[in-house]
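Here the structure comes first, spelled out in structure tokens, and everything after it is commentary.
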Amino acid sequence: MQQAEQYYAPYNVLKNSCKDSRSSGMQFSFQAQDEQFFTLDSSPATDYVVNDSPPALSVSSNRSPFSSQCSQSYMSDLHHSSDNTCGSPLSGCSGIDDCDLRHVLQELENKLLGPESDTDDSCSCSLKDMVSKPASVARWNRVLDMAPGLNLKELLDACGEAVSDADISTAEALMRALEQRVSVSGEPMERLGAYVLEGIRARLLSSGSIIYKKLKCKELTGSELLSYMQVIFNMCPYYKFAYMSANVVIREAMMNENRIHIIDFQIAQGSQWMFLLHDLARSPGGPPFVRITGVDDDESAYARGGGLQLVGERLAEVAKSCGVPFEFHGAELSGCEIQLENLRVKHGEALAVNFPYMLHHMPDESVSTINHRDRLLRLVKSLSPKIVTLVEQESNTNTAPFLPRFRETLDYYTAMFESIDAARPRDDKERISAEEHCVARDVVNIIACEGADRVERHELFGKWRLRLMMAGFTPCQLSPSVGETIKDMLKEYNPNYRYAESEGALYLGWKNRALATSSAWR
């Protein structure tokens with residue numbers, strides 16, 4: 001199989017150079033009897049259903065901050081209709097003999113009138129369709145014959161393509177082959193493959209939304225254990241990248257302000273602001289008054305072990321210990337529900353707004369006519385904030401049709417699972433549980449769900465930049481101190497983590513694949 005085409009090139013700022021770490025000849029087994037952590041429950045449905053979203057154009061940069069290679073043109077997946085009018089009782093052409101006669105007449109007409117005459121070529125199209133179907137069957141038979149020799153990533157890709165083609169029998173055969181080669185305690189590709197396989201199965205059974213709702217980053221049993229989210233926080237720099245880059249930007253923007261109001265969309269446990277409160281306590285002339293509005297839906301209560309009042313209490317204690325005048329307001333709402341009155345903006349306060357890995361959960365124009373994603377950006381712009389910080393995953397899973405989205409997910413999360421693998425042993429139970437509840441749920445949602453059920457809808461920085469500028473924002477140049485802060489932070493982690501600055505944004509990546517971006521706006 002040739003996988004050299006850049007299936008989703010315009011969606012991807014980077015050309016991934018990460019390869020499957022296995023050689024194609026090595027075999028792996030799926031130890032279902034020993035691994036009780038493979039707990040994704042694909043609830044059965046009556047019939048198989050294969051969904052696909054319509055193609056849509058995405059605007060993004062084609063420059064890579066990590067390599068000089070530019071993305072190639074996107075080769076769209078052409079889905080030919082299986083409806084054949086030629087040969088049907090209602091058509092004017094009832095068989096191949098009639099079609100051959102029409103071809104002769106068409107050639108004669110071309111000779112008399114020229115090749116550009118308008119003729120009915122419906123029969124020639126139908127003949128191609130007649131040939132393509134057995135050719136497709138033969139192709140998939142060859143893929144099944146080759147399956148034992150394919151490496152795991154190629155096998156996953158072939159399975160995704162079979163699902164995209166609605167070839168259920170081939171997909172089922174490939175899924176049976178995959179079951180013997182994936183493992184939640186194996187190599188990065190084996191672990192990712194286990195969850196991708198669950199995503200494919202859930203798509204066929206229409207159970208992706210059920211699984212996504214079940215897998216929450218909730219507290220583990222026992223006070224000595226960290227939450228799943230905290231495990232991910234300690235293993236990888238993705239959350240620290242978001243918190244530290246935004247904090248430096250906000251602190252510099254609020255340097256001479258006496259009253260500061262921070263609106264944090266998706267405040268989680270509020271850890272980000274504990275560090276900022278300590279920094280503000282050392283402000284020349286004394287600390288400013290700080291008011292924080294924490295926005296979060298009830299999903300994050302599982303990670304906190306309670307409502308937003310717990311966040312307010314923790315932050316109030318930190319502020320008191322630092323001598324920072326402080327006030328907290330909690331808005332337990334999703335971004336779709338937020339209205340102006342929920343934010344309690346007051347005159348005379350310098351406003352900072354923080355979007356940490358949150359906006360991609362907002363449905364846009366491809367999902368809802370209300371377009372909450374752009375609506376929220378316009379609402380924030382109407383507040384005249386002094387600074388807005390945005391951190392998002394650098395991936396395109398929003399409007400891409402299924403197969404490019406599947407391949408993008410495979411590529412993106414391969415890098416993420418490799419980075420997690422560098423931090424914890426493969427049989428570490430906390431790592432397995434954290435991957436299942438905080439990473440696998442996203443993979444399943446991207447692959448298995450469509451429409452409003454698909455809430456993981458990432459966009460590349462180029463598209464975010466376009467959205468923000470259309471909402472009236474202008475980009476802010478990041479100061480050198482932001483990059484220096486991230487550079488120092490990454491010294492604590494594997495050297496394969498890299499950062500780069502490009503087009504006004506700071507990129508965090510694993511090897512040659514960008515995984516997150518941080519930017520500032522006003």
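Things to note:
- Long-range amide H partners of His329 with built H, under 5 Å: Ile292, Thr293, Gly294
- Note on region 465-509: Rg/Rh from Cα positions, Kirkwood definition for Rh, rounded to two decimals, is 1.09.
- Ratio Rg/Rh, restricted to region 371-522 and using Cα atoms, in which Rh is the Kirkwood radius: 0.99
- Lys346 sits among other residues whose Cβ lies under 15 Å from its own Cβ, and their net charge, with Lys and Arg +1 and Asp and Glu -1, is 0.
- Measuring against 27 Å, Cα to Cα, the residue pairs Lys386/Lys463; Lys153/Lys511; Lys386/Lys511; Lys346/Lys463; Lys346/Lys487 contain Lys386/Lys511; Lys346/Lys463; Lys346/Lys487 as the ones spanning a longer distance.
- From phi via Karplus (6.51, -1.76, 1.60), per-residue ³J(HN,Hα) for region 235-241 in Hz, x at Gly/Pro: 6, 10, x, 5, 6, 4, 4
- Region 389-397 - phi-based ³J(HN,Hα) in whole Hz, Karplus 6.51/-1.76/1.60, Gly and Pro as x: 10, 10, 10, 9, 6, 8, 7, 10, 10
- Full extension of the segment from Arg344 to Glu501, taken as 0.36 nm per residue of separation minus the current Cα-Cα distance, would add 53.0 nm.
- By average C-beta atoms within 10 angstrom, highest first, the peptides 287-296, 513-522: 513-522, 287-296
- Amide H to amide H, with H built 1.01 Å from N, Asn258 comes under 5 Å of no residue 5 or more places away or on another chain.
- The mean accessible area for residues of region 226-330, using a 1.4 Å probe and ignoring ligands and nucleic acids, is 39 Å² per residue.
- Residues whose amide H lies under 5 Å from that of Cys476, counting only those 5 or more places away or on a different chain, are Ala520, Trp521, Arg522; hydrogens are built 1.01 Å from N in the peptide plane.
- Residue-count net charge about Arg373 - beta-carbon cut-off 12 Å; Lys, Arg +1, Asp, Glu -1: 0
- Region 232-322: GluC sites (Glu not before Pro) falling in loop per DSSP and having at most 11 other Cβ within 10 Å: none
- Net charge in the neighbourhood of Tyr238 (other residues with Cβ under 14 Å of its Cβ; Lys, Arg +1, Asp, Glu -1) is -3.
- Mean Cβ neighbour count within 10 Å, used as a protection proxy, ranking 370-376, 189-195 highest first: 189-195, 370-376
- The calculated FRET efficiency for the pair Arg282 and Leu383, based on their C-beta separation and a Förster distance of 35 Å, comes to about 0.80.
The values are calculated or read from the model by the stated rules, or taken from the named source; none is laboratory data. In this text the structure is predicted, and so the values were computed from the model without any measurement. Using ideal geometry, Cβ is built from the backbone for each residue, glycine included, and neighbour counts are taken over all protein chains shown. Surface accessibility is based on the protein's heavy atoms, side chains included, excluding ligands, DNA and RNA. Shrake-Rupley method; radii C 1.70, N 1.55, O 1.52, S 1.80 Å.
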